[in-house]
1. With runs of 4+ DSSP H residues as the only contributors, calculate the mean residue ellipticity of the chain at 222 nm using -39,500 (n - 2.57) per run, divided by the residue total and rounded to the nearest 500.
2. So, in nm, how far is label M1 from label D23 when the simple model puts each one 7 Å beyond its Cα toward the Cβ?
3. Which value in Å is the Kirkwood Rh of the chain over different Cα pairs?
4. Compute the angle between helix 4-19 and the longest alpha-carbon principal axis of the chain, please, reported from 0 to 90 degrees and rounded to the nearest 10.
5. Using the heavy atoms of the protein chains alone and a 1.4 angstrom probe, what is the accessible area of the chain per residue in square angstrom?
6. Go through K86/K180; K155/K179; K85/K178; K126/K178; K92/K188 and tell me which ones have a Cα-Cα distance over 32 Å in this structure.
7. Run the numbers for K179 and L14: contour at 0.36 nm per residue of separation, minus the present Cα-Cα distance, in nm.
8. What residue among A161, M108, F136 has its Cα farthest toward the positive end of the dipole of the stretch 103-183, where the charges are +1 on Lys, Arg and -1 on Asp, Glu, each on the Cβ?
Amino acid sequence: MIGTGILKGMAVTLRNFAGSYFDKERLITVQYPEERNPLPENYRNFPILIYDGNDPQAGLRCVACQICEKECPPQCIYIIKSKDKKPDYVGKPQLYPAVFDIDISVCMSCQICVEVCPFEAIKMDKDFELSQRERFNHLLFRKEQLSRSNDYYHKIHPVEAATVDKNLADAAAAAEAKKKAAAEAAAKAAAAKAAAAQAPTTVASSESAAGSTAAPGQTPPEATKSNS
């Protein structure tokens, strides 16, 4: 029958309209900013940098590999590598970004930088209240503004953060096991080399091997017979 879909849609609208006076869950709008709807787990806005521990600079996961800078479609990421190194989460010396800027006035929130990062260092934030009075100076976020703790990451993306922590812990454990196995192999090789160096080396002559009974200074009987 023509118009059945319209009637069904109007019935849903009427039911929600009447129910909104009795059930708060049926309300379409909230009294923002006093009231806020919870954001879903997969919501994303602009990138942030994750650091471990309490020091945003020492615990920063980023190693300035510049992959995100190269893969960024609008080219809004700017990175300058440091000249010295610091240990990463597995203790390996790594470079770190001396400068890490993101121009969020250009960022398209595509999350490609997150997908290509091999160190789980850059993630997407949920903060959307970033309006500023000036476009150029105030929307260029520096490393200090982008740095967020791992606890903050767990707060906004709990499921994803737990998975990332597990992967990093597994990688650190594998690196530690590999390092321990290499140390044990090196210790065994050094012990074998030391044992070989301390072992006595005895070279037996052909005469003693044949059981010669000649006194010192005398010609063996075999040599006398051969000379005659």
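1. -12000 deg cm²/dmol
2. Placing both labels 7 Å beyond Cα along the Cβ direction yields 2.5 nm.
3. Averaging 1/r across every pair of different Cα atoms and inverting gives 24.6 Å.
4. So the inclination is approximately 90 degrees.
5. 71
6. Checking Cα-Cα distances, K155/K179; K126/K178 exceed 32 Å.
7. Between K179 and L14, full extension yields an extra 52.6 nm.
8. A161
The values are calculated or read from the model by the stated rules, or taken from the named source; none is laboratory data. Just so you know, these numbers come straight off a predicted model, no measurement behind them. Here the Cβ is made from the backbone with ideal geometry for all residues, glycine too, and neighbour counts use every protein chain on show. Heavy atoms of the whole protein, side chains included, go into the accessibility calculation; ligands, DNA and RNA do not. Shrake-Rupley method; radii C 1.70, N 1.55, O 1.52, S 1.80 Å.
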